[in-house]
């Protein structure tokens, strides 16, 4: 008989279940052009993401940009990204199949992200068609990762204890979130940060393919 090591699998979005980098970079560069600032490369945007849209803009904008201007750029980004968040974005191979298997085994599944909540809901609906049991993005009352708010929000919703949850992500922000929330973590190697970097900050459990996540959760 199979044993469940966890009752819920909580997934990060960008770089973990969806490759959103191209659309984030295109949207960021659209905004930079609107404000006559130099555009950024894919690799630069890859290193800027993880702490929410506003932090992405702060990092990408020209040095010395005022807070007032950042606010304007933030609004411009949101307006543009709402209609351009799924132009080039795609699910990583094997993720949808993984979620189906986990749910069939009685595991709850959730998504938490520093992406604006409207983006999280729209992308989950478009790419996963209601497969996830719950999803939450950045919104009022839920502080951005690495604060543990979003993890606690999900655990409270399902009435599941920390020791029965595992958090799956691809970045330093994700690893720190799992530590702050007091839950186990699994770090994926196909995302926006490489394994060497993640090991340097303390992560110890990695997977190279989505199906390996199932083998950790169900034994």
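The values are calculated or read from the model by the stated rules, or taken from the named source; none is laboratory data. Keep in mind it's a predicted model, so treat the numbers as computed, not measured. Reconstructed Cβ throughout: ideal geometry from the backbone, glycine too, with neighbour counts over all protein chains shown.
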Checklist (1) outside any helix (DSSP H, G or I); (2) surrounded by fewer than 17 Cβ atoms within 10 Å (Cβ to Cβ) applied to residue 196, failing item:
(1)
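State all residues of the range 23-43 that are in a helix (DSSP H, G or I) and either crowded, with 16+ Cβ neighbours inside 10 Å or in contact with a strand residue (DSSP E or B) (Cβ under 9 Å, 6 or more places away or on another chain) (or both); if no residue qualifies, say none.
At the first step, the residues of the range 23-43 found to be in a helix (DSSP H, G or I) are 23-34, 42-43.
Those that are in a helix (DSSP H, G or I) and either crowded, with 16+ Cβ neighbours inside 10 Å or in contact with a strand residue (DSSP E or B) (Cβ under 9 Å, 6 or more places away or on another chain) (or both): 23, 24, 25, 26, 27, 28, 29, 31, 32.
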Does residue 112 qualify as being closer than 23 Å to residue 7 by Cβ, at pLDDT 90 or above and in a strand (DSSP E or B)?
yes
Which condition number in (1) under 15 Å from residue 13 (Cβ atoms); (2) outside any helix (DSSP H, G or I) is the one that residue 147 fails?
(1)
Sort out which residues of the range 102-126 are over 20 Å from residue 154 (Cβ atoms) and either crowded, with 21+ Cβ neighbours inside 10 Å or in contact with a helix residue (DSSP H, G or I) (Cβ under 6 Å, 6 or more places away or on another chain) (or both), and write them in order of number.
none
Scan (1) assigned by TED's automatic domain parsing to the domain that holds residue 190; (2) at negative phi; (3) in contact with a strand residue (DSSP E or B) (Cβ under 8 Å, 6 or more places away or on another chain) for the single condition residue 97 breaks and write down its number.
(3)
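Quick one: would you say residue 53 is touching a helix residue (DSSP H, G or I) at 6+ places or on another chain (Cβ under 9 Å), surrounded by 13 or more Cβ atoms within 10 Å (Cβ to Cβ) and more than 19 Å from residue 16 (Cα to Cα)? Break it down stepwise before answering.
On the way: touching a helix residue (DSSP H, G or I) at 6+ places or on another chain (Cβ under 9 Å): yes; surrounded by 13 or more Cβ atoms within 10 Å (Cβ to Cβ): yes; more than 19 Å from residue 16 (Cα to Cα): no.
No, not satisfied.
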